[in-house]
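The values are calculated or read from the model by the stated rules, or taken from the named source; none is laboratory data. From a predicted model like this one, the values you see are computed outputs, not experimental measurements. Here the Cβ positions follow ideal geometry from the backbone for every residue, glycine too, while neighbour counts run over all protein chains shown. Heads up: the accessible areas ignore ligands, DNA and RNA and are worked out on the full protein's heavy atoms, side chains in. Shrake-Rupley method; radii C 1.70, N 1.55, O 1.52, S 1.80 Å.
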Amino acid sequence: MVFYDAVIIGAGFSGIYQLHSLRDKLKLNTLVIESGKDLGGTWYWNRYPGARCDSESHTYNFTFSKEIFENWSWPERYSKQDVILEYLNYVVEKLSLKKDMLFDNKVIKAHFDEKSKLWNIKTDKDKTFSCKYLISAVGCLSAANIPKINGLNKFKGNWYHTGKWPHTGVDFKNKRVAQIGVGSTGIQLAPEIAKSAKKLSIFQRSPNFSIPARNEIVNDKYKKKIKDNYQEIRDLIKSTPTGHAFQFSSQSALDVSNEDRKKIYENGWQKGGLGFRGLFKDITTNLDANKTVVNFIKEKVEATMQNKDYAKVVTDFNYPFATRRPTLNTDYYETFNKDNVELIDISKDLIKEITKTGISTLNNNYEFDIIVFATGYDAITGALLSIDMVGKNNIKLSELWKNGPLTYLGLQVPGFPNFFTITGPGSPSVLTNVPMAIEQHVEFITDCISHMEKNNLKTIETNDASSLKWRAIIDKAVNETLIPESKSSWLYGGNIEGKAQVFMPYPSGLPKYKKFCEDIVLKNYEGFNFTDN
Ligand code: NAP
């Protein structure tokens with residue numbers, strides 16, 4: 001068994017920055033273990049056509065190094081998957097991190113040894129390691145959700161999940177394609193499949209709100225402006241609740257005239273992007289305010305789609321806007337105007353089974369050559385729970401979390417000493433521009449480990465009381481918003497059969513969260529316990 005001071009699971013944005021921080025700042029002997037054959041995390045796996053980030057490029061990157069920031073140029077307003085992967089490779093090369101990454105090894109077991117106070121780790125290739133600090137950088141959206149629909153094994157065609165897309169690509173030409181799911185992924189994917197497929201049938205269970213992305217190629221002047229304003233951009237995205245470069249308006253949607261409100265929505269629609277949900281301060285907290293934006297979106301979509309029956313189905317919203325992660329699109333609604341695209345409303349005509357030749361719903365049989373699952377993830381906890389994790393007193397993580405994840409600050413789990421989670425459940429993570437949440441977490445963990453090393457501390461561990469208190473803070477905050485109106489979303493675990501329905505991320509924004517963390521450190525890591533032997 002090889003010993004490391006620290007082992008990090010995952011080589012995406014989190015693992016990359018955590019490795020650099022522990023190895024180069026603290027001089028710890030650190031290893032990253034990654035199940036993929038190469039680095040990139042989400043951006044390694046999600047190679048589906050149309051995969052692009054919804055955060056604006058210059059904000060969806062690391063900001064810890066001015067040099068790294070300034071030596072990279074993003075070509076478009078929103079970056080494509082392959083460009084983000086290229087960027088991550090550029091960072092890893094620049095910092096010489098690859099030599100400390102082990103690929104094609106999935107961590108399957110991590111047990112805490114109470115005698116040695118070390119973590120013992122095993123991978124699916126039978127490699128074993130032990131370490132003092134174990135850090136999860138597994139990502140929130142990495143455990144693919146392939147719905148348990150009867151008959152998938154009988155299907156004679158090919159099927160794919162968007163989160164495990166073949167590196168060789170998929171040829172849709174002259175093929176009859178079923179796409180199940182219309183979340184952020186499905187909405188990006190459908191216009192791309194429709195370009196070459198003989199027929200694309202989109203299976204929709206719930207409608208989704210989508211705002212135009214308005215992607216564009218950026219010019220050199222814009223690129224220079226970004227580089228020249230590194231500090232201003234950094235300060236801005238570290239100060240907004242979402243970690244994006246937009247502020248929420250301080251105005252209520254109900255305090256303006258109908259005409260002015262429409263103008264504001266129209267401007268936001270033309271501008272495109274996630275900032276749309278910040279056009280009024282109460283869109284996510286007041287149902288009447290929310291209805292104004294729902295009506296606006298309905299009108300826009302209805303005006304775009306020629307098939308009025310389809311328009312009705314895609315706008316039959318059964319939850320308020322932005323109570324799930326809003327999606328961005330490029331020509332999604334326009335795609336339904338193509339002759340080779342059909343919409344199948346499976347909220348009424350449920351999928352019964354997958355057959356040898358296609359999909360049977362309660363009332364119809366459809367034939368396909370390819371089925372694509374754009375059905376999302378066992379989000380936030382799925383990847384971690386796929387590892388056999390055992391803490392003190394033989395406590396299993398799966399047992400501890402059976403009624404929903406329990407963490408303190410989304411950083412530590414009671415009973416799991418020296419184990420940290422980057423963007424874990426209970427942290428702002430997926431409700432933000434994620435690299436900003438990652439940078440804050442990595443820096444907290446690095447400072448904490450530095451504190452331990454300097455003071456010869458052996459373990460750090462949170463406790464049940466702190467975790468339950470944190471859970472209550474999250475529940476109270478989310479219940480002050482409209483988010484509980486959509487409990488079937490992945491934010492609540494509602495998309496996975498049998499999963500506990502608990503709101504998982506911290507909903508009050510990054511700056512407030514960061515202040516919590518800073519205050520806790522000032523109070524000598526209140527809520528954590530250290531041991532020195
Ligand atoms: P998602 O938001 O969970 O959407 C999954 C879709 O599949 C939904 O339409 C869902 O329907 C449907 N579905 C799930 N199980 C089904 C079943 N058994 N039968 C029929 N339909 C089923 O997943 P996602 O689109 O992959 O997005 C997940 C998150 O990843 C996003 O919210 C976002 O945070 C991130 N993401 C970001 C980007 C980006 O930045 N561009 C792109 C992709 C993903 P219901 O709504 O009825 O459950």
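By the gyration tensor of its Cα atoms, with a ≥ b ≥ c the square roots of the eigenvalues, what is the shape of the range 27-74: rounded for a/c under 1.5, prolate for a/b over b/c, or oblate? Here the range 27-74 falls in the oblate category.
Taking the DSSP bridge list for the chain and keeping only pairs wholly inside it, about 40 percent are antiparallel.
Placing unit charges on the Cβ atoms only, positive for Lys and Arg and negative for Asp and Glu, gives the range 428-483 a dipole magnitude near 140 debye about its Cα centre.
Here the Kirkwood formula puts the hydrodynamic radius of the chain at 24.2 Å, using every distinct Cα pair.
On a per residue basis, the chain carries 43 Å² of accessible surface, using protein heavy atoms and a 1.4 Å probe. Net charge of the neighbourhood of Thr63, taken over other residues with C-beta under 12 Å away and scored Lys/Arg +1, Asp/Glu -1, is -3.
Carbon-plus-sulfur accessible fraction, the range 244-293 (probe radius 1.4 Å, protein heavy atoms only): 46%.
Judged by the ratio a/c of the largest to the smallest principal axis of the C-alpha gyration tensor, the range 43-155 counts as oblate, that ratio being 1.5 or greater while a/b is no larger than b/c. Ordering Leu482, His441, Tyr133 by the projection of their Cα atoms onto the charge dipole of the chain, which places +1 on the Cβ of Lys and Arg and -1 on the Cβ of Asp and Glu, puts Tyr133 at the extreme positive end.
Within the accessible area of the range 329-421, the carbon and sulfur atoms contribute 44%, probe 1.4 Å, all protein chains present. Selection among Asn153, Ile108, Tyr90 by position relative to the dipole of the range 80-184 gives Asn153 as farthest towards the positive end (Cβ unit charges, Cα centre). Given the options Leu189, Ile264, Pro207, identify the residue whose Cα lies farthest towards the positive end of the charge dipole of the chain (+1 on Cβ of Lys, Arg; -1 on Cβ of Asp, Glu). So the residue we want is Leu189.
In terms of distances greater than 19 angstrom between alpha carbons, the cross-link table entries Lys109/Lys499; Lys98/Lys132; Lys27/Lys132 yield Lys109/Lys499; Lys98/Lys132. Net charge dipole, the range 261-342: roughly 440 debye, given to the nearest 20, about the Cα centre with Cβ charges of +1 for Lys and Arg and -1 for Asp and Glu. In a simple Cβ point-charge model (Lys, Arg +1; Asp, Glu -1; nothing else charged), the chain has a dipole of about 640 debye relative to its Cα centre. Please say if the range 126-239 is rounded, prolate or oblate, where rounded means a/c under 1.5 for a ≥ b ≥ c the square roots of the C-alpha gyration tensor eigenvalues, and otherwise the choice is prolate for a/b larger than b/c and oblate otherwise? Oblate, because a/c is 1.5 or more while a/b does not exceed b/c. Within the same chain, lysines fewer than 8 places from Lys156 are excluded, and of the rest, those with a Cα less than 25 Å from its Cα are Lys148, Lys164, Lys173, Lys175, Lys195, Lys198, Lys199, Lys352, Lys356.
Net charge of the neighbourhood of Val313, taken over other residues with C-beta under 14 Å away and scored Lys/Arg +1, Asp/Glu -1, is -1.
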